[in-house]
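Working notes for the structure below.
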Amino acid sequence: MIRVLVIDDSVFMRTVLIDLLKHDSSIEVVGTAEDGKEALRKIEELSPDVITLDIQMPVMNGIEVLEELSSYENPPKILMLSTLTSRDAELTKKGLDLGADDFMLKPKNLGKVRGIEQELITKIKHLITIPPVRNKPVSRGIPADNIVLIGSSAGGPPMLDSLVSSLKSDLNAAVVITQHMPGGFTASLAERLNRISQLNVKESENGDILHVGKVYVSKGGYHTIISANPDHSGRMSGKITHSKSPPVHAVRPAVDKTFASAAKVFGSRTVSVILSGMGSDGGEGMSVLKESGGRTVVVKEEDCLVYGMARSALERNCVDRVLPLKSIPREIMKSVAALE
């Protein structure tokens with residue numbers, strides 16, 4: 001059993017989280033707390049394996065709790081729950097710096113809170129099983145000849161945990177992840193993935209050169225455009241250009257923008273993957289990648305919270321393989337090796 005302590009100043013949120021977690025027989029909610037001081041007392045008393053931690057609380061907030069827990073010899077795993085505000089985005093990143101293990105966003109609409117059940121349960125289980133990577137190799141700064149492109153939306157972050165943590169350090173490609181997420185939170189996602197990956201992960205910056213063995217998380221609020229970057233010898237690699245052009249499919253960053261632009265630069269030297277996500281973003285871009293000779297993969301429906309994005313690609317008959325999530329990292333490694 002995974003023992004969980006729920007910490008939130010909202011009675012409604014505590015009640016909902018308890019109810020959601022009861023749906024999984026491997027999780028036991030051992031207690032609740034409504035502020036940081038009570039939380040620290042309950043952690044000492046109950047020794048939970050995982051805590052869900054609200055950021056904004058009276059008496060003692062979530063950041064102050066993390067500062068206290070940093071001195072503990074064996075603190076519980078920590079899942080922060082954050083609202084969609086720029087202030088919470090800053091605090092979420094600070095929380096990860098202070099030792100929080102992961103974060104997830106509370107829905108804007110309280111009526112949709114119950115839609116987070118699968119993500120909540122999956123993240124808690126991941127916290128127990130995925131250790132941080134030690135002694136990560138330093139990026140060699142070699143411009144990438146090959147590129148791996150990953151697109152995801154609703155239900156995507158837990159899948160990214162599993163996929164990115166399973167990629168090997170000798171991957172001969174750059175990786176670009178475009179996850180639908182508001183501005184401010186993609187930096188926290190990148191920091192989280194960097195902890196559990198053998199590869200170096202960062203939030204994308206305008207002008208980033210795509211290097212071998214490096215993962216770039218598309219910055220929220222901008223489209224990530226892959227453009228050509230010839231060096232002094234004429235060798236062609238790629239770089240990231242941020243664009244504030246209008247949203248596509250009501251989102252920015254849009255997977256279609258990243259996929260289609262990468263096809264123009266890398267052509268057949270691409271491997272693209274679509275994970276869980278609502279809507280049709282990614283289908284058109286994957287079709288362009290397929291036409292340029294790239295390798296295309298989508299995850300199986302049973303692994304997804306929502307299957308809209310992957311289905312959009314399948315409906316365009318541009319998918320080479322449909323695989324369970326656990327098989328995708330191996331498929332990426334194999335496909336990139338075949339490009340060499």
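Below are the figures for this structure:
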quantity	calculated
Helix-only mean residue ellipticity at 222 nm for the chain, each DSSP H run of n ≥ 4 adding -39500 (n - 2.57), per residue, nearest 500	-10500 deg cm²/dmol
Loop sites in the range 242-284: trypsin sites (Lys or Arg not before Pro), DSSP, at most 13 other Cβ within 10 Å	Lys244
Spatial separation of Cα centroids for the range 1-35 and the range 291-340, in angstrom	35 Å
Other-chain or far-sequence residues with amide H under 5 Å of Met57's (modelled H)	Gly62
Rel. contact order, % - alpha carbon contacts under 8 angstrom, at least six apart, the chain	13 percent
FRET efficiency estimate (nearest 0.05) - Cβ-Cβ, Ser25 to Val59, R0 45 angstrom	0.85
Stretch gain in nm, segment Glu291-Ile128, where the contour uses 0.36 nm per residue and the Cα spacing is subtracted	54.6 nm
Helix 255-266 vs. the chain, principal-axis angle (Cα, 0 to 90°, nearest 10)	40 degrees
0 to 90° range, to nearest 10: angle between helix 117-129 axis and the chain longest Cα axis	90 degrees
The range 147-339, relative contact order [Cα under 8 Å, separation at least 6], %	22 percent
Pairs beyond 20 Å (Cα-Cα), from Lys37/Lys123; Lys93/Lys168; Lys168/Lys326; Lys219/Lys257	Lys37/Lys123; Lys93/Lys168
Bridge type composition, the chain - antiparallel percent by DSSP, nearest 5	20 percent
In degrees, nearest ten, helix 11-21 long axis to first principal axis of the chain (Cα)	60 degrees
Candidates per GluC sites (Glu not before Pro) in the range 7-92, loop by DSSP, up to 16 other Cβ within 10 Å	Glu73
5 angstrom amide H check on His211, placed H, neighbours 5+ away	Ala144
Segment Arg195-Ile18, extension gain: residue separation times 0.36 nm, minus the distance between their alpha carbons	60.9 nm
Mean Cβ count within 10 Å, highest first, over the residues of peptides 278-284, 18-24, 149-155	149-155, 278-284, 18-24
Cut-off under 5 Å, modelled amide H: who pairs with Ile274 long-range	Gly151, Val297, Val298, Val299
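Taken together, the values in this text are just the output of simple stated rules run on the coordinates, not laboratory data. Remember, it's a predicted structure, so these values are computed and weren't measured experimentally. Because the Cβ atoms are built from the backbone with ideal geometry, glycine has one as well, and the counts that use them run over all protein chains shown.
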